Each structure stands twice: as C-alpha cells, then as structure tokens.
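In what follows, a single structure is set out as structure tokens and then discussed.
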Amino acid sequence: MTAGFRTGGFRMTRWLSVAGAIALIVAACSPPPPPDGTPVVNSFSATSTSGSTPLTVAFTWSIADPDTPTLTCGLDLDDDGTFEVTITACTSTSIRSATFDAPGTHPVRLQVSDGTTTVTSAPIVLVVGAAAGDTFEIAVRFNGTLTAARQTAFTDAAARWSEIIRTGLVDIPINVPANFCGTGAPAFSGTVDDLMIEANIEPIDGSGGILASAGPCLTRIAGGLPVYGAMRFDSADVAYLEADGQLETVILHEMGHVLGIGTVWGLRVSGRGTSDPVFTGLTARGSWDALVGGSGASVPVANTGGPGTADAHWRESVFGNELMTGYLDSGDNPLSAVTVGSLADIGYGVDLGASDPFGTPALRTRTSQGTQLRTDFIYPLGQVG
C-alpha cells in the first residue's frame, strides 16, 4: 500500500514536472502580449500651400492606432501650441477646412490622441501673400424696366457674393449677339471684370409656375468659371416675393447659380439621378464635417424636386433653411460655410469667415419643407479667354 502510494506519488510528481516544463516551453515560444499602441500620423496634407489672402484650404490626413478605434484629432492653425480645431471620433477620412486671412507664413500641425498617448505631425507650411489688388466684381446689366428697389435687390446680392468671393479673376473680352442664350438682352462687346450678368423681369408663366431661369452662358477656358450669365424672373412671382420681403433672398439664390453653384459642379457630384447624390469637393466636405461632427462624409445634394432642383442644390431634408437648397423658407435663409466651400472647390478665392451663422439645431428641429424655387437652369454655351 505504501509502495503503491509512493509509486503513485512519484508518478504524479513526475507528470507534474513534465507538464510544468511543457508549460514553460509554450510560454517561452508564445509572443508577449502587445503593448499599448501609439497613434501614427501616416500623412497630413492640404489642398493648397500658397496663395494670396484669403487662402482657403482643406486639410486631410491618414492616421492609425493598432488598438484604439476612437481617436481625437486637433489642428494647430498657427503653430502656437494651441489646437484651435478639435475633431472627436477622428479617422483617416476626416476633413476640416479653414481660411487664412493674415499674410505671412503659417505652419499648421495635426495632433492625434488615443487618450493615453498624443503624437503631433510635422508642420504643413502655408505661405499667404498680401490680398490681390483685384477684387471680385459682379456687373449687373438691367434689361427692360426695373424699379429702383428691384435694381437695388440685384446690386445688393452682387455685393454679398463679392464679400464671399474675394479674389478677382483675369479680365476677359467677350462679344455676344443680341438674345444670346435666350436672355432677350441686347448685344454686348467689351471686357468683363469678373462676371457680367444680364438681369430681366418679365412675364413667363404666371404666379406659382417657373420662377426664373438663371445660370452661366459663357465660362472661361482656363478654370471653367463663369464670365457671362443671365437671370430672368417671372414678373408675377417677383411681385409676390417683393410683397413678402423675400425678393433679395431669391435673387441672391439665383445669382449663386450664375456663379456656378449647381450649374458647373460637373463631376464633383456623385450619384446624379439616384436617391443619394452627394457633392465631393474637399473644402465643402470639410465645412460640412465641422457642421455636423462628421468624419469625411460627402455633402448631401437634393434628391427630389425634379429638373432644376435635384442634383443642383443642397438637400432640403438635411439643410433646412440654408440659402442654396431648392426651397425658400420663411424668415432667414443663411448662406453657410458649406456653400462658400463649394465655391472654393470650383475654383474661386473665398473667405469661409464671411458665411452666415448656420448650426445643427436648426437642421435637426426642422419639421416642414419650404416653397420650391422652380428654376430653368441656363447652362454654358461656350468658353472664352
């Protein structure tokens, strides 16, 4: 009994010793547990690194962290150690846009944190020159008889867009015949600095039908921006808008189409004709992301409303009362930084800071749709320059 016990005990002891040795070998061969990962900035870039003030830039980056799915990013826009822009839930698809309006050298850094470790990128150095001596000008030529108040509504709208678009373009000589692109305007031969618009108010189809036809008739060979366009309004609708105090808002909206919003977007809109068209320009996307706290999403474009609305405005169900949806809302219709960013994306020198305040609460609490602005777009018939 004793020998058997000892034998059993010896065998058990030997088995335990062998098992322990095996465990040690397995432990020795197994990789150590991974250490806490450190965020990595793989790349950091800007859509432009030089230009005259105001220089508007979209920043993009590629970042990674092996064990932390949620990162926080910051942008130091003047290399002073203060990160003026914070992006929570930051990813490699996040985008932010900014305007630099002070001449000089502006080093910009990206900071990435996983809550434990923070890393900072090498700077992107922006070189901002003095403001160009040539500011952006819109000349409106009135055709027919317009009251002084209606002419003022056009010139005020032109002045507002010139606050947004700050950099002038090369003067272009043009020679157009009478009634070019259906404007009913007389012939014109001369030099345009920077955009000329034919404006007319006349009967079209009565109140509640087609409000206007608007858009660029000629664009520039270099860059494709409009140089000559037209705005034609139905007199019956104008009378109603004037009485309601919304005429200047509608003129501001339609002038945006002459500048190229919705009319020269081209390939910057993806998904035309589908239930989810989007604008893909980086500057507008950066402004949109900042507005909604997103991470690189493209900007929702109108997916309803038919020709003249769909694929050429911001989506009303998302943007609510923003100026460049296809619907007119009672009260304010703010011109957002997203609209300003879209102008930068098609080639204008803009100032994001000149946009109107436009926040997400108004978007989220919207319960009704405004009145549709039925517009027959004018599209470019040629290029000059």
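The values are calculated or read from the model by the stated rules, or taken from the named source; none is laboratory data. Note that the coordinates shown come from a computational prediction; the quantities given were computed from them, not determined experimentally. All Cβ positions, glycine included, derive from the backbone under ideal geometry; neighbour counts span all protein chains shown.
Output yes when any residue across the range 203-224 is within 24 Å of G347 (Cβ to Cβ), in contact with a helix residue (DSSP H, G or I) (Cβ under 7 Å, 6 or more places away or on another chain) and of a type in the set (A, V, I, L, M), and no when none is. Scanning the range 203-224 turns up at least one residue that is within 24 Å of G347 (Cβ to Cβ), in contact with a helix residue (DSSP H, G or I) (Cβ under 7 Å, 6 or more places away or on another chain) and of a type in the set (A, V, I, L, M).
Checking each residue of the range 36-44 against the condition of being within 25 Å of the chain's Cα centre (by Cα) and surrounded by 13 or more Cβ atoms within 10 Å (Cβ to Cβ) gives at least one match.
Of the set (1) buried (at least 23 other Cβ atoms within 10 Å of the Cβ); (2) closer than 24 Å to G273 by Cα; (3) aliphatic (A, V, I, L, M), all apply to I210 but (1).
Counting only helices (runs of 4 or more DSSP H) that fall entirely inside the range 270-370 and contain at least 2 residues that are among the small types (G, A, S), the qualifying elements are 282-292, 337-345.
Taken over the range 49-82, the criterion of being surrounded by 15 or more Cβ atoms within 10 Å (Cβ to Cβ) and either outside the structural domain of G104 (by TED's automatic domain parsing) or outside any strand (DSSP E or B) (or both) is satisfied by T49, T53, P54, D65, T68, L77, D78.
I'd like the residue in the range 197-207 that is surrounded by 22 or more Cβ atoms within 10 Å (Cβ to Cβ) and under 15 Å from V250 (Cα atoms) and, out of all such residues, is nearest to the chain's Cα centre (by Cα). Please lay out each step first, then the result.
First, pick out the residues of the range 197-207 that are surrounded by 22 or more Cβ atoms within 10 Å (Cβ to Cβ): 197-199, 201.
Next, from what is left, pick out any that are under 15 Å from V250 (Cα atoms): 199, 201.
Details: A199: 28, I201: 32 Å.
Top of the filtered list is A199.
From the list V340, V384, pick out the single residue that is modelled with pLDDT of 95 or more, hydrophobic (A, V, I, L, M, F, W, C) and over 20 Å from R268 (Cα atoms). Can you show your working first?
Working: V340 fails: over 20 Å from R268 (Cα atoms).
On inspection, the qualifying residue turns out to be V384.
Return the only residue of R141, R166 being closer than 30 Å to T56 by Cα and in contact with an Asp or Glu (Cβ under 7 Å, 6 or more places away or on another chain).
Details: R141 fails: closer than 30 Å to T56 by Cα.
Within the list R141, R166, the selection yields R166.
With T116, T155, T145 as the choices, which residue is at pLDDT below 95 and either within 30 Å of L241 (Cβ to Cβ) or surrounded by 16 or more Cβ atoms within 10 Å (Cβ to Cβ) (or both)? Going through T116, T155, T145 in turn, the sole match is T145. The condition of being of a type in the set (V, I, T) and outside any strand (DSSP E or B) holds for only one of T99, T116, T105, that being T116.
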